[in-house]
Amino acid sequence: MKSRFWIVLALCALVTTACNLPNQTTDTPLSTSLTDTPPATLSTPTLIPIETLLARATATFVPTATPRLAIAAPIDQPVNCRYGPSTAYAIVGALELGGQAEIVGKNIDVTWWVVKNPSDPSTYCWLAASVIDAVGNLDALPVVAAPPAQVSNIQIRIAPPSLNVACTAFPQYVTVNADITVNGPTTVAFRWETSEGESISADALLFLETGSQSAFIYYKIISAKDYWIQVHILAPNDTTSRAIFKATCVP
C-alpha cells in the first residue's frame, strides 16, 4: 500500500515540474525587416494615365518665312540710275558707293534692274546689271517693259522779247524758238498755237537718245498789242509751254 502511494506522489512531482518550464518558442518576438518600407520623408510619385497625356494640347509650329528682298549695291564706284534700261535714257538718280537699292524688276535679258530710286524712293529707275552686285530672290522678280520716253522740259525764247516801233511799221516779225527735251528715245509730234487762234506748222522731231532739240518759226506781228505763243506737244505726252510778249508803237 505504501509503495503505491509513493509512486503516485513521484508522478505528480514530475508533472508539476514540466508545467513550470519556460516556453522558448512563444515568448521570443519575431524580428521585422524594414528594408522594403520607404522612408517617411519620401513622396510617392503620382502616375498619370496614358489617356491623360494624349489629351493635353501641344504647340503647333506654323512657318512664317518671308521671301528675301532683292538688293542692288555698286561694285566699286557710284552708278547712274536711268529712266529706262539703256544709256540712251536720262539719268534720274544715283546709287552711291556703299549704298543699296531694292530691286523690283528686270528687263527680259536681265541686263538691267528696276529699283526704287535711291534719290527719290517714291519713283523707280534702272541700274545696269554689269556695274552692280545683286543678291536676294532674283528669280521671282517680274520682267518689266521699258517705259515710253516723254518730253520732260520745254523752253520758249522769243527774239526780240518785245517790240516798240512806229505804228506805221507793221507788220513785224519775231523768231520763236522752242527747246524741247526728252528723257529717252522717242519721236515728238508738236504744233504751234497763238493767242490769235492760229495753229501753225504741225511737225515732228526724232530723238535717238535723251537730250534736247530746237524748233523755231518766224511769227508775224500785225499790230501793237499783247501776244502769247505756245508749243503744244501732241506725242509722246500731251503738254504745252507758252511765252508772252508785247508789241507797242509810237505815232
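The table that follows gives values for the structure above.
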| quantity | calculated |
| --- | --- |
| Test for residue 139: is it closer than 25 Å to residue 110 by Cα and in a strand (DSSP E or B) | no |
| Checklist (1) part of a loop (DSSP other than H, G, I, E, B); (2) under 21 Å from the mean Cα position of the chain (by Cα) applied to residue 115, failing item | (1) |
| Residue satisfying condition, being of a type in the set (Val, Ile, Thr), touching a Ser or Thr at 6+ places or on another chain (Cβ under 9 Å), at pLDDT 95 or above and more than 30 Å from residue 205 (Cβ to Cβ), within set 135, 165, 143 | 165 |
| Failed item, numbered, when residue 220 is tested on (1) in contact (Cβ under 8 Å) with a residue 40 or more places away in the chain; (2) open to solvent by less than 80 Å² (accessible area, probe 1.4 Å) | (2) |
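Every residue, every condition in (1) in a loop (DSSP other than H, G, I, E, B); (2) open to solvent by less than 40 Å² (accessible area, probe 1.4 Å); (3) touching a Lys or Arg at 6+ places or on another chain (Cβ under 9 Å), yes or no:
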site: 188; (1), (2), (3): no, yes, no
site: 212; (1), (2), (3): no, no, no
site: 228; (1), (2), (3): no, no, yes
site: 240; (1), (2), (3): no, no, no
site: 246; (1), (2), (3): no, no, yes
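The values are calculated or read from the model by the stated rules, or taken from the named source; none is laboratory data. Computed from a prediction, not measured in an experiment: that's the story for all the values here. Cβ coordinates were reconstructed from backbone atoms using ideal geometry, including for glycine residues, and neighbour counts include every protein chain displayed. Protein only, heavy atoms only, side chains kept; ligands, DNA and RNA dropped before computing areas. Shrake-Rupley method; radii C 1.70, N 1.55, O 1.52, S 1.80 Å.
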